[in-house]
Amino acid sequence: AAHKKMWWWLLVMRTTAAARRECSTSVEVGFRDSVPNGQTWSRLRCARWVRGAVGLEDTSVFRTAFEEPSRSRLLLGASKWGLFYHGDKTDAIYGDTTTTPAAAARAGESGEERPLRCSNVVDEPTFVVNILTWQVGHLLVDVLEPLFYELKGERKAALYFHVAAPEEQRVLKWKLQRPPFDDLLKPFASKVATRDDLPEDACFSELFVDLDISRSYYALALDYGHLSNFPDRERRASQKRYAAFRRFFADALDLRWSTKNTTTNTMDTLLFVERTSSRKLTNFQDLVQAAHDVVGMEKNSSLKQSAVVRLEELEDLKAQVAFFESTAVLVTQYGTAAHNVLFLPPGAVLVLLVQPGWCDYAWAFANQALL
């Protein structure tokens with residue numbers, strides 16, 4: 001079913017001083033129903049980061065619009081995956097208003113609050129992003145596509161990541177600085193760090209909390225295989241957006257089928273992606289053997305070879321995408337590895353093996369392949 005519910009609120013607060021610079025603090029908050037849950041995001045100008053939350057001016061006139069238990073906090077960001085896996089908004093990021101005892105102390109005896117001053121001003125766009133996990137597939141779908149639409153492929157941003165699972169958070173910084181994540185983030189990021197590394201009391205000219213997913217194919221939750229489900233105009237718009245994202249990524253990574261590359265790209269491989277963790281095929285080797293027996297038997301077949309890859313064993317991004325660049329047919333199980341269809345050349349085919357009871361969710365990968 002299509003999820004189309006969205007809302008936006010615009011909050012404009014009074015002017016505050018930031019390191020000898022006057023700027024007006026503003027907040028836009030957006031929400032989109034998605035799968036498995038809705039996602040909340042916000043865009044802020046002239047905002048501060050203080051002790052794990054965003055510092056805001058007094059927004060008492062706007063508080064009734066937000067269904068939050070505490071009237072001094074505004075929900076600014078919550079991942080669509082956070083409630084699904086953690087249920088208690090451990091992924092959420094809030095804005096704290098300055099109508100607190102500390103703010104009153106700053107106001108002094110006059111009772112009139114003094115302008116806030118920051119230790120430094122950050123002019124580059126800064127994103128604070130909650131991620132489900134460090135899996136490459138989720139990074140491609142949940143982060144890089146909406147990030148591309150926000151930055152329009154024209155500028156880079158400072159990216160600060162947070163993952164709710166404590167065991168993953170402990171090694172997140174190490175992971176982000178290693179392949180393949182560093183190579184994937186390089187076209188988008190001027191800096192990559194964890195949320196814990198955000199400078200305290202800095203004033204951000206542009207601060208984004210979580211990502212606007214309203215234009216992402218996954219968030220639309222539409223089955224592009226059934227044209228009657230939605231207007232052709234919406235499909236064409238989605239295809240145009242996603243084509244721009246693919247071209248940007250292909251050129252950035254210098255894929256053999258990219259517009260920058262003048263070499264001939266031969267599509268002659270039947271590629272199997274093998275899962276080694278959950279949802280493993282019990283007869284995977286039989287399937288591969290059958291493919292070996294068939295490939296090359298037809299005289300006019302374009303398939304000349306078959307291959308098997310375990311992506312978790314390949315850290316180097318170039319080694320991973322090399323498998324997909326020449327793939328004519330990709331056979332993979334339902335899971336994040338299927339999101340690597342992003343690297344397939346135009347005209348390639350995806351064969352998705354779905355576990356029993358999950359066929360209704362095949363659109364999550366089929367849409368990406370069709371786009």
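Here are some notes:
- Number of residues in the range 218-244 that are buried (at least 20 other Cβ atoms within 10 Å of the Cβ) and modelled with pLDDT of 80 or more equals 2.
- Any pair with Cβ under 7 angstrom, 6 or more apart, that starts in the range 142-156 at a residue that is over 10 Å from F188 (Cβ atoms) and ends at one that is of a type in the set (F, W, Y) and crowded, with 21+ Cβ neighbours inside 10 Å: E145/F245
- Output for the range 323-348, where each listed residue is among the aliphatic types (A, V, I, L, M) and farther than 14 Å from V273 by Cβ: A328
- Restricting the range 178-208 to residues that are touching a Phe, Trp or Tyr at 6+ places or on another chain (Cβ under 8 Å), closer than 19 Å to V141 by Cβ and outside any loop (DSSP other than H, G, I, E, B), the residue that is most open to solvent (accessible area, probe 1.4 Å): V192
- Any hit, the range 156-163, residues being closer than 26 Å to A244 by Cβ and within 12 Å of the chain's Cα centre (by Cα): yes
- Criterion (of a type outside the set (D, E), within 30 Å of Q177 (Cβ to Cβ), open to solvent by 70 Å² or more (accessible area, probe 1.4 Å) and under 25 Å from the mean Cα position of the chain (by Cα)) met by exactly one of T336, T332, T259, T276: T259
- Residues that are open to solvent by 10 Å² or more (accessible area, probe 1.4 Å) and either assigned to a helix (DSSP H, G or I) or not hydrophobic (A, V, I, L, M, F, W, C) (or both), drawn from the range 161-177: H162, P166, E167, E168, Q169, R170, K173, W174, K175, L176, Q177
Here's the yes/no breakdown for (1) touching a Ser or Thr at 6+ places or on another chain (Cβ under 6 Å); (2) of a type in the set (F, W, Y); (3) modelled with pLDDT of 85 or more:
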residue	(1), (2), (3)
R246	no, no, yes
T269	yes, no, yes
V273	yes, no, yes
K280	no, no, no
V288	no, no, yes
H292	yes, no, no
L303	no, no, no
L314	no, no, no
Q333	no, no, yes
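- Residue within the range 291-304 that is closer than 24 Å to V141 by Cβ and surrounded by fewer than 20 Cβ atoms within 10 Å (Cβ to Cβ) present: no
- The set of residues from the range 131-159 being in a strand (DSSP E or B) and open to solvent by 10 Å² or more (accessible area, probe 1.4 Å) comprises just one member, I131.
- Residue check for V341: within 23 Å of Q239 (Cα to Cα), aliphatic (A, V, I, L, M) and open to solvent by less than 80 Å² (accessible area, probe 1.4 Å): yes
- Elements of type helices (runs of 4 or more DSSP H) in the range 279-371, at least 2 residues being polar (S, T, N, Q) and in contact with a Phe, Trp or Tyr (Cβ under 8 Å, 6 or more places away or on another chain): 363-370
The values are calculated or read from the model by the stated rules, or taken from the named source; none is laboratory data. Note that the coordinates shown come from a computational prediction; the quantities given were computed from them, not determined experimentally. Cβ: placed from backbone, ideal geometry, glycine included. Neighbour counts: every protein chain shown. The accessibility values were calculated without ligands, DNA or RNA, using every heavy atom of the protein model including side chains. Shrake-Rupley method; radii C 1.70, N 1.55, O 1.52, S 1.80 Å.
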